[in-house]
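Read through the structure below, which is laid out as structure tokens, and then see the notes.
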Amino acid sequence: MTTKIIFDTDPGIDDAMALLFIAASPALDLLAVTTVHGNADIDTTTRNALYLKRRFGLDAPVFKGADAPLSRPRNPSPTFVHGDNGLGDVELTGHVDAAPEAKPAHQAIIDLARANPGEIVLVAVGPLTNLGLALRADPEVATLLKGVVIMGGAFGVAGKPGNVTPVAEANIHNDPEAADLVFTAPWPVTAVSLDVTTQVVMSPAYMDALEASAGPAGAFLNEISKPYAAFYGGRDGIIGCCVHDAAAVAFVIDPSLFQTRRGAVRVIPDGIATGQTLQKVEGELFGPSAWDDQPVQTITVGVDAEGLLALYARTMTARA
Ligand code: BDR
Ligand code: CA
């Protein structure tokens, strides 16, 4: 039995890795790709989603989403991570302009949820603006999804910091208001956070092996991974690419790869800790706080990195 997926994304190098992982997985049925600002502006992330769809023969329609956060100006694009074109400035071979579907992304999320009640997992690996817009337009959408799995947040597990500030992760920092709406809505949310994604690294040797075994997708992934790895090498001394967005996909395919912790999650909206995610661990007792009466959500606190890397390689290779 396959799981129906909506993939909300800001491609993005690691977003591309995640999208091709979804497309290759026999466990997943990709119903739609919805785009959002983040790693680049919305025209660029949407162009990249359409490019990946065409180049790799994906069937799912692409819906263009929000060009800016719910209630603040958009942060500058992280061109030093994902390049000016969002895909590491590799040449987009054979690029042909194509248009997204006419419907906005948040409406597509609502309509698909209504048409498939209780069946869809929404995997969101960019700023959560489209999800926030969907909740505002139709709050019942929170009762119609099987679950929401995001790549986002940094909970300081084992002293791990954020990646855009000492306490904030990029996707949450790029729209803290939307993220807080998502965590406090009555749908089951799992945050696959930096605490685990920074523990899963695709080394240059791993990427070379993927190129050798996973056909055209493997070659493309190896190519776009090189500027991404250069960023991590220069900044963090990591040899390879952190597996952020594909880790959220891996959670849907095999949650047993992760250790989790339950509790209400809130997002700091302003000040020096803007975008920080904080969980009140279920069962711990405090005085009255902003976490009271909020839905209990799930965060990841540990990962079987080798198992995840093996799942990714096995999936990509089998589909080649
Ligand atoms: C997240 O931010 C984006 O740059 C990546 O695509 C990933 O979704 C990592 O913090
Ligand atoms: Ca992303």
Quiz item: In nm, what is the difference between 0.36 nm times the number of residues separating Lys160 and Ile272 and their Cα-Cα distance?
Solution: 38.6 nm
Quiz item: What is segment 193-320 by shape, rounded, prolate or oblate, if you read a ≥ b ≥ c off the alpha carbon gyration tensor as root eigenvalues and call it rounded for a/c under 1.5, prolate for a/b larger than b/c, and oblate otherwise?
Solution: prolate
Quiz item: So how exposed is Ser71, as accessible area in Å² (1.4 Å probe, rounded to 10)?
Solution: 70
Quiz item: Expressed as a whole percentage, what fraction of the accessible surface of the chain belongs to carbon and sulfur atoms when a 1.4 Å probe is rolled over the protein heavy atoms?
Solution: 55
Quiz item: Averaged per residue, what accessible area in Å² does segment 3-318 show with a 1.4 Å probe, protein chains only?
Solution: 38
Quiz item: Once you sort the root eigenvalues of the Cα gyration tensor of segment 1-148 as a ≥ b ≥ c, which label holds: rounded (a/c under 1.5), prolate (a/b larger than b/c) or oblate (the other case)?
Solution: oblate
Quiz item: All other residues with a Cβ under 11 Å from the Cβ of Ser225 taken together, and with Lys, Arg as +1 and Asp, Glu as -1, what is their net charge?
Solution: -3
Practice problem: First check a/c for segment 56-106, with a ≥ b ≥ c the square roots of the eigenvalues of its C-alpha gyration tensor; if it is under 1.5, answer rounded, and if not, answer prolate when a/b is larger than b/c or oblate otherwise. | Solution: oblate
Quiz prompt | Of the chymotrypsin sites (Phe, Trp or Tyr not before Pro) in segment 227-320, those whose Cβ has at most 11 other Cβ within 10 Å and which sit in DSSP loop | solution = Phe286
Quiz item: Arg314: accessible area at probe 1.4 Å, nearest 10 Å²?
Solution: 140
Self-check item: Residue order for Met1, Met316 - accessible surface, 1.4 angstrom probe, largest first
Solution: Met1, Met316
Practice problem: Note down the nm distance, to one decimal, between modelled labels 7 Å out along Cα→Cβ at Glu223 and at Thr79. | Solution: 2.2
Quiz item: So what does Thr298 come to for accessible area, using a 1.4 Å probe and Å² rounded to 10?
Solution: 20
Quiz item: Which residues make up the longest stretch of the chain that has no GluC sites (Glu not before Pro) in a DSSP loop with at most 14 other Cβ atoms within 10 Å?
Solution: 92-281
Practice problem: At a Cα cut-off below 30 Å, give the lysines reachable from Lys280, other chains included and same-chain residues fewer than 8 away excluded. | Solution: Lys146, Lys160
Quiz item: Given segment 3-318 reduced to its alpha-carbon atoms as identical point scatterers, what log10 I(q)/I(0) does the Debye formula return at q = 0.09, 0.12 Å⁻¹?
Solution: -0.39, -0.72
Self-check item: Cα-centred dipole magnitude for the chain, charges only on beta-carbon of K, R (+1) and D, E (-1), debye, nearest 20
Solution: 240
Quiz prompt | the chain: antiparallel DSSP beta bridges as a percent of all, rounded to 5 | solution = 35
Quiz prompt | Potential extension, Glu306-Thr260 segment - 0.36 nm per residue separation minus Cα distance | solution = 14.8 nm
Self-check item: Simple Cβ-charge dipole of segment 241-320, Lys/Arg +1 and Asp/Glu -1, about Cα centre, in debye nearest 20
Solution: 200
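The values are calculated or read from the model by the stated rules, or taken from the named source; none is laboratory data. In this text, all values refer to a predicted model and were calculated from it rather than measured experimentally. With ideal geometry, Cβ positions are generated from the backbone for all residues, glycine too; neighbour counts draw on all protein chains shown. Please note that ligands, DNA and RNA were not included when accessible areas were found on the heavy atoms of the full protein model with its side chains. Shrake-Rupley method; radii C 1.70, N 1.55, O 1.52, S 1.80 Å.
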